[in-house]
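Here the structure comes first, spelled out in structure tokens, and everything after it is commentary.
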Amino acid sequence: MMKRVLSVFLTIIILMSACKKDTQPEAEDPASGKISFNFHHYCDGQELIFDQRIYTNEAGNEYMVNEIQYFISDVKLVRDDGSYYRIHSWKEIHYVDTDIPETMVWQVYDDIPATQSWNETNSDGHYSGISFTFGISEEKNQSLMFVDPPESLMFWPEYLGGGYHYMKLNGKWLNTNDLEVPFDFHLGIGQIYHPNSGEITGFIQNYFTIDVQAPSFILFDGQEISISLVMHVDRWFKDPHTYDHNEWGGDIMQTQAAMKLGCENGHDVFEVLGVGLK
């Protein structure tokens, strides 16, 4: 009799536990949304026109742009309180190529922290800026990590430091002899040369961080936001340095002084044109 009572008692406890477990509310997924970047290229405040020598830089060089290829990486969305969310899921390096339209849009894979309502006081979902590395950091810029074109075609020669170009900006300018000659404004790892032998004795990492203010925006749960990011090509050649193609010539991959000027001019090359619903 006692065994039967005990069995019934245990059965009741198990049923009560199961009912209690079933009635517990499930944890809600955190609010999240999606973003994409749309890349644009301007010159002198207007959309860049390729393959026409209609521009004049700060040094007085008449020039045209034929193509631009570059990497941005370690992209961060800056919250209103100064904290940030770093894009890292699946793909944290994006390649842009003005000859390949599909690279001009980056649909970010991450679920971006968002907010449920206007009334929430935490900073998730409230953004006012973007920060990213122009090029690829020393830690990540490893030779042969891209095996397929077009990214693989951005390789930086091993004897010059290896890894990949940060940017290829190719065009032509009118030199002092009134000849239209090509320039390869290429940024990447710099070299230190021995003053006597000319041998390479070291390398200089030229990648740099760009901070871009954006119109403040709120990303709501389930929403998709598109951010338009523009590169102002003319700014590579001015502020704080006037870059003169006649001084530096057409190929600067082995001229650290020229690449240094270009990288320092890059501080304000990018601007957010706008933020909107996709």
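Bear in mind that the values in this text are calculations on the coordinates, not laboratory data. Keep in mind that what you see is a predicted model, and the values were worked out from it rather than measured. Cβ placement follows ideal geometry from the backbone for every residue including glycine, while neighbour counts extend to all protein chains displayed.
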Fluctuation leader among Gly202, Gly249, Gly188 - the chain, Gaussian network, Cα springs under 10 angstrom: Gly202
I want to check the label-to-label distance for Ile204 and Tyr84. Put each point 7 Å from Cα in the C-beta direction and report it in nm to one decimal. 2.4 nm
Given springs between every Cα pair under 10 Å in a Gaussian network model of the chain, which of Pro150, Pro182, Pro195 has the largest fluctuation? Pro195
The chain: relative contact order as a whole-number percent, Cα under 8 Å and 6+ apart: 23 percent
Please state the Cα pair-distance histogram of region 223-263 with 10 angstrom bins from zero: what percent is in each bin? 24, 43, 16, 12, 5
The chain: calculated mean residue ellipticity at 222 nm from DSSP helix runs of at least 4, using -39500 (n - 2.57): -4000 deg cm²/dmol
What is the angle, in °, between the Cα long axis of helix 2-23 and the longest principal axis of the Cα atoms in the chain? Nearest 10 is fine, range 0 to 90. 30 degrees
Over the alpha-carbon set of region 191-234, divide Rg by the Kirkwood Rh and report the Rg/Rh ratio to two decimals. 1.35
Distribution output for region 31-277: share of Cα-Cα pairs per 5 Å bin in percent, first bin at 0, values 1, 6, 13, 17, 17, 15, 12, 9, 5, 3, 1, 1, 0, 0
If you take the C-alpha gyration tensor of region 126-230, multiply each eigenvalue by 5 and take the square root, what semi-axes do you get, largest first, in whole Å? 34, 21, 15
In terms of Cα to Cα distance under 18 Å, which aspartates and glutamates are near enough to Lys260, apart from those fewer than 8 places away along the same chain? Glu58, Glu138, Asp184, Asp234, Asp239, Asp244, Glu247, Asp251, Asp268
Checked against a 18 Å limit on the C-alpha separation, the offending pairs among Lys34/Lys140; Lys76/Lys238; Lys76/Lys278; Lys34/Lys168; Lys34/Lys278 are Lys34/Lys140; Lys76/Lys238; Lys76/Lys278; Lys34/Lys168
